[in-house]
1. Using 1/(1 + (r/R0)^6) with R0 = 30 angstrom and r between the beta carbons of ASP198 and SER175, what's the FRET efficiency to the nearest 0.05?
2. Pull out a ≥ b ≥ c, the square roots of the eigenvalues of the alpha-carbon gyration tensor of the chain, then state rounded if a/c is under 1.5, prolate if not and a/b is larger than b/c, and oblate in the remaining case.
3. Do any chymotrypsin sites (Phe, Trp or Tyr not before Pro) in the stretch 84-135 lie in a loop, going by DSSP, with at most 15 other beta-carbon atoms within 10 Å of their beta carbon, and if so which?
4. How large is ³J(HN,Hα), in whole Hz, for each residue of the stretch 15-30 in order, when computed from phi with the Karplus curve 6.51 cos²θ - 1.76 cosθ + 1.60 and θ = phi - 60°, using x for Gly and Pro?
5. With all protein chains present, calculate the accessible area of SER192 using a 1.4 Å probe and round the result to the nearest 10 Å².
6. If the only charges are +1 at each Lys and Arg Cβ and -1 at each Asp and Glu Cβ, what is the size of the charge dipole of the chain around the Cα centre, to the nearest 20 debye?
7. With charges only on Cβ, +1 for K and R and -1 for D and E, what is the dipole size of the stretch 31-86 about its Cα centre, in debye, rounded to 20?
8. First compute the accessible area of the chain with a 1.4 Å probe, then give the percent of it belonging to carbon and sulfur atoms.
Amino acid sequence: MNSVSHCDTPLLRVAYLDGGPRDGAPVILLHGWPDDATTYARISPALHEAGFRTFSPWLRGFGPTSFLSEETMRSGEIAAMAQDVLDFADALGLSRFAVVGHDWGARISYLLASVFPDRIKCCAALSLGWQPGKPATPAPGQAKAFWYQWFMATARGAEFVRNNGKKFARYQWDSWGPLGWFDDAIFDGVASSFENPDGRM
């Protein structure tokens, strides 16, 4: 991927990474939490080699992406972020594109593919299954894996995450993946994206 680029949408100045052949089929890569646009740094070269043109934006509240107006409500709703993706695609002149999403990005991808099939050529969602309607009560093992969601839903948990966002994210990274899957430099590079004043950490 190349250096950071920017484009303006009705609500945001979106920072993004792009790469691949200029005439390649467009793919928008959506990161999750606590991650950022560099999530796909190791995957995008393979996509470029296969002839795809990739665009990996920092979602609202992350990294150098910023709101154009102080008056805009800071919402982290999936519907709001899905609209951000459509606005981003419009700003880039992409009428139809593939979308790949991880974590929050997967939820955004599901919404886009189900509600805007005229815009989405195909969807690949990673980490989260399709969950239409009211969520079922998770099985004990999954409930244990979702401990952080329960934690952040409490007043003290939310306060802890606000005051210790980087430390909390590092714990998540350490506990979610196999040992050695990242080093301090990779984490520190991504963690700088959590310093966005509109972010949730």
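The values are calculated or read from the model by the stated rules, or taken from the named source; none is laboratory data. Here the structure is a predicted model, which is why all the values come from computation and not from measurement. Heads up, the Cβs are rebuilt from the backbone with ideal geometry, glycines too, and the neighbour counts pull from every protein chain shown. For accessibility, only protein heavy atoms count, side chains too; no ligands or nucleic acids. Shrake-Rupley method; radii C 1.70, N 1.55, O 1.52, S 1.80 Å.
1. Between ASP198 and SER175 the formula returns 0.70.
2. Cα axes put the chain in the rounded bin.
3. Numbers: sites: PHE88, PHE97, TRP104, TYR110, TRP130; in loops: TRP130.
Qualifying residues, ordered by number: TRP130.
4. Working through the residues one at a time gives 8, 8, 10, 9, x, x, x, 4, 9, x, 4, x, 10, 9, 9, 10 Hz.
5. 60 Å²
6. Numbers: 18 positive and 21 negative charges, 111 e Å.
My answer is approximately 540 debye.
7. 180 debye
8. Exposed carbon and sulfur together represent 57 percent of the surface.
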